[in-house]
1. Just one of the numbered conditions (1) within 14 Å of chain C (Cβ to nearest Cβ); (2) surrounded by 24 or more Cβ atoms within 10 Å (Cβ to Cβ); (3) part of a helix (DSSP H, G or I) is not true of D:Leu290; which one?
2. Give me the residue from the stretch D:272-287 that is more than 14 Å from chain C (Cβ to nearest Cβ) and not in a loop (DSSP other than H, G, I, E, B) and, out of that set, surrounded by the fewest Cβ atoms within 10 Å (Cβ to Cβ).
3. I want to confirm something. Restricting to the stretch B:64-99 and keeping residues that are within 12 Å of chain A (Cβ to nearest Cβ) and in a helix (DSSP H, G or I), which single residue is surrounded by the fewest Cβ atoms within 10 Å (Cβ to Cβ)?
4. Which count do you get for residues in the stretch D:223-237 that are more than 7 Å from chain C (Cβ to nearest Cβ) and touching a Pro at 6+ places or on another chain (Cβ under 7 Å)?
5. Of all residues in the stretch B:135-159 being more than 17 Å from the chain's Cα centre (by Cα) and over 21 Å from B:Arg202 (Cα atoms), which is surrounded by the most Cβ atoms within 10 Å (Cβ to Cβ)?
6. Does C:Glu14 satisfy the criteria of being within 26 Å of C:Glu154 (Cα to Cα) and not small (Gly, Ala, Ser)?
7. If C:Lys300 passes every condition in (1) farther than 24 Å from C:Thr163 by Cα; (2) within 14 Å of chain D (Cβ to nearest Cβ); (3) crowded, with 22+ Cβ neighbours inside 10 Å but one, which one does it miss?
8. Quick one: in the stretch B:122-142, which of the residues that are farther than 13 Å from B:Ile197 by Cβ and in a helix (DSSP H, G or I) is nearest to the other protein chains (Cβ to nearest Cβ)?
There are 4 protein chains.
Amino acid sequence: MPDLTSVVQEIAEEMRERPDRGEVATYIPELARADPKAFGLVVIDADGQVAAAGDSDVPFSIQSISKVFTLTLALGMVGDRLWRRVGREPSGSPFNSIVQLEYERGIPRNPFINAGAIAVTDLILSRHQPREALGEILRFMQFLAQDSSIAIDEAVAASELRTGFRNAALANFMKAHGVIDNPVEYTLGVYFHHCAIAMTCRQLAEAGRFLAHSGRNPSTGHLVVQPERARRINAVMLTCGHYDGSGEFAFRVGLPGKSGVGGGILAVAPGRASIAVWSPGLDASGNSHLGRIALERLTKRLGWSIFGQ
Amino acid sequence: MPDLTSVVQEIAEEMRERPDRGEVATYIPELARADPKAFGLVVIDADGQVAAAGDSDVPFSIQSISKVFTLTLALGMVGDRLWRRVGREPSGSPFNSIVQLEYERGIPRNPFINAGAIAVTDLILSRHQPREALGEILRFMQFLAQDSSIAIDEAVAASELRTGFRNAALANFMKAHGVIDNPVEYTLGVYFHHCAIAMTCRQLAEAGRFLAHSGRNPSTGHLVVQPERARRINAVMLTCGHYDGSGEFAFRVGLPGKSGVGGGILAVAPGRASIAVWSPGLDASGNSHLGRIALERLTKRLGWSIFGQ
Amino acid sequence: MPDLTSVVQEIAEEMRERPDRGEVATYIPELARADPKAFGLVVIDADGQVAAAGDSDVPFSIQSISKVFTLTLALGMVGDRLWRRVGREPSGSPFNSIVQLEYERGIPRNPFINAGAIAVTDLILSRHQPREALGEILRFMQFLAQDSSIAIDEAVAASELRTGFRNAALANFMKAHGVIDNPVEYTLGVYFHHCAIAMTCRQLAEAGRFLAHSGRNPSTGHLVVQPERARRINAVMLTCGHYDGSGEFAFRVGLPGKSGVGGGILAVAPGRASIAVWSPGLDASGNSHLGRIALERLTKRLGWSIFGQ
Amino acid sequence: MPDLTSVVQEIAEEMRERPDRGEVATYIPELARADPKAFGLVVIDADGQVAAAGDSDVPFSIQSISKVFTLTLALGMVGDRLWRRVGREPSGSPFNSIVQLEYERGIPRNPFINAGAIAVTDLILSRHQPREALGEILRFMQFLAQDSSIAIDEAVAASELRTGFRNAALANFMKAHGVIDNPVEYTLGVYFHHCAIAMTCRQLAEAGRFLAHSGRNPSTGHLVVQPERARRINAVMLTCGHYDGSGEFAFRVGLPGKSGVGGGILAVAPGRASIAVWSPGLDASGNSHLGRIALERLTKRLGWSIFGQ
């Protein structure tokens, strides 16, 4: 077995030199400022050993990666009743498609497409006022990452509030079908804000550790969710975590993961490690181009694919 | 860790008593004759130890499970060029949908929906005459299962040839887009025949062992495919193996698997075991109702989910 | 040729007695109060002779019939540039479908489905402040109907503002594609208000006369639009005026027409007459059930179909 | 009113000089041989006066125009029961789309898209052996056109039989839904052959006269269909006669019409005339480019639009 730290260093160097870096997302104006040369990679193993390389301490907008954590939080609040509002099948469509919603009466396919994550946010909001709901989500991230400095990037949230018409279309469409309970602007407000949480690779890898270890952070001993729930969240990440590129990610990387248009990916090697990678350039499916390549090399060199040695 | 044999026996008994048995498929008339009370389960571990229960030696029509093996065979023939003809993303649609084909210029989403498997069959046929192609597929199954008695159920093949209009629509549609090279009736003939292969749970579990063990049958030592290819086939099974119920299967069972409308499911626990289950009654997504429940219990009791303990 | 007045009386009586009256629309709560027994019919011929029967002077919510007039107004403002924002093909879909918008990059199929009418309203709004735009639309209706008492039913407008989430989804979706220029809430506000204009059959038939007579009201002599434009608006009404029931209306009635969910229909017999009918109960396609039947009988008895004697 | 003969001559000359001639269809190889410079126009008025210009006596493949006549024939055989198998709404889709069939359980939207015409052909075939059915269709065309020399172009029929995979997909899909009664190859064989009938503009205009004159050829006095049926066929032509360009044709030309990919268009001016035009180059919707422009000029100059003067 190769040494974890050297594999991580090696891959970061390989990535640094590549000319192909994907395209930085421009549809949220604030995200377009990201440096396409940035690359960070952090792996935290079962013992808590951290292997980090590149821009591992630069905060970036986690965007859709937040959907994993809002799903976890909402499942804790309402349990499996959540699945009456949101499915758990791959959508076979881009992240922001509305076609599926019309054919399936406003029930989003899964919690990791935008519509599904908005519906999950709405469930959290049903227990709280908007400001409190957002506070709860942020505190949950700080707790998981063991870092109270994690904050929302208000410029990104404001940018998306001004331009998020497609998400407003999705939310209004679900509202018309009774899948959203709260006023659309409240639900969208909380949604845009939790997508705008900024984290570093280090913080993100730490926050994802409970998913790699049967629901418990092995260092703190905190039980976040029951083992079965952790497995199931991992399963949904594997089948649905990369929009219309989920099959490709499973095929190449072989780990449950969730990407965001900010260029981050959280990946989980069950029993082994929590992994966060960041590079702002995206591929055609909206997933980090170098992030995915880095993870493919990592699992191959370490033999970590869940699909076999 | 509970004893494998007793877990298998236990589950078979639990299944025997359940009143809910799903609905036997009727769209291929010959399949409608299957006994809804039948249930078989076989697990073969890395050491070659066989745990069997129920109707483990009764042959049934493997139907779409054959798609795993024709994919393996075709990848061996044409390599990764295969992926120019067939995608590897979940379809988000039922097994026989034609809508996706129109939107995506005749390229099927993945090799496990009908259209994709027909395109794969056509690739095999491009190297052979129809009769030889079918012979090659059958011999491959006999070789994998180490059992030369495996045969095609001609009555099932004839039944589907008479009624398979929807598959003929898919094949003609792909032919119109240049995705099928051979005469449609040849390709469909070979496709219907390999779906009509009859196997027992014991034979099927044996045939699937290379997928559980990095491409090699650990008892015979035969290398069927390279390790990476085995992992990738497993990945496609996980994301696409159960049509529009693939997410649900991953969520509940947590293993790569492939179902057939004959009521069989082949599942793979990487590094651990190859598993075959059979019960003819299907759920709404066309997957074996009790087969899925049995696998869910098996992975839970043995801690075999690929998504964590 | 039978006498116009007696044909109109006759049909009104036949309709009064029918037990099948369709279903009053409930999705806008305020509309649900309409009396399912109401029925009004007014025909105004080329000489200005008025044949009226039933509830011909009871105001009702014209709803989507307003789309004919906002289209006329917008064409007068921006000319054929309007067709860059809106198509003129039948949609093959229900009035509020969003699927087509996704496949066609936010360009609505025609100006008579909701999305198309919202885009047309947005064009009017680009020349005016919201309050003025609405005033202009209302004054245009008063001018056409020669009746300054025509007003907006504020309760209906408010009811739709509170519940029109599906229209908000359409508007936001088009905004995301750059098809809507103004703030979504302004455009929707004007749209909901012009749909809430209340008119009687008599007023509506008068307002539609320019369409029957080459763009000119033959009594006042006012030229509203050029003859070619009048013909073209009639053509769009024929192919697209009844949502997914447009083919059926052409097949049975044989006249250009536009229906509204308030139960009104405006129909045009070119060169002959302008016709308004009202009965609140709707058929499965959302068009007035008795209104359509009454028009079918009218054109048959008078030989007015544009498709031949 | 301008003189009919001089208008027809004038338009033919204008068309002769235009450089934009559309694209000759290539998907049926045999059709690709047509001369893009060809242009013919024939108008036969109520008195039987014939105005002809250009290549009015050159036979061309009528292709989908035959659908008008098979619809007429099938309605005569089975009456309005036909509408249980085929709808009469515009499809909002290209001529050969299969998506709509899947969403609507194999029932084609209207008799003028390929699927609908295949279903209509199948109804005719249910009364006859294939050879007789084809003979009946051909004799019906000869009778209507008063010309027994009309024949099938066997080279075109053979060409389409070899390449018509998309139509085979449509037919098999309908067969799977029970919408096709006869063996698919019989139905397709008759369909491809009636599409391959070759006619001149003169023959076609003569054959369409019953549609312009309440179901009766005013010269022969033959009643082909009842007046109401003639009106209804005209209505379906107007809303569905030009595939996804039907709205555009109604908007610009203002007459019921049916186009074929051979470049012909039959148009009907109710009470006035039957019109046939031919020019092989097609526009993006698959309709004759110059044919449509010629008809637009004709109706404008003669004031023949059904939507008003």
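1. Unmet condition: (1).
2. D:Gly281
3. Only one residue fits best here, namely B:Asp80.
4. 1
5. Looking at residues that are more than 17 Å from the chain's Cα centre (by Cα) and over 21 Å from B:Arg202 (Cα atoms), I get B:Ser159.
6. The answer is no for C:Glu14.
7. (3)
8. Step by step, filter the stretch B:122-142, then rank; the result is B:Asp122.
The values are calculated or read from the model by the stated rules, or taken from the named source; none is laboratory data. Here the structure is a predicted model, which is why all the values come from computation and not from measurement. Every residue, glycine as well, gets a Cβ built from its backbone with ideal geometry; the counts of neighbours run over all protein chains shown.
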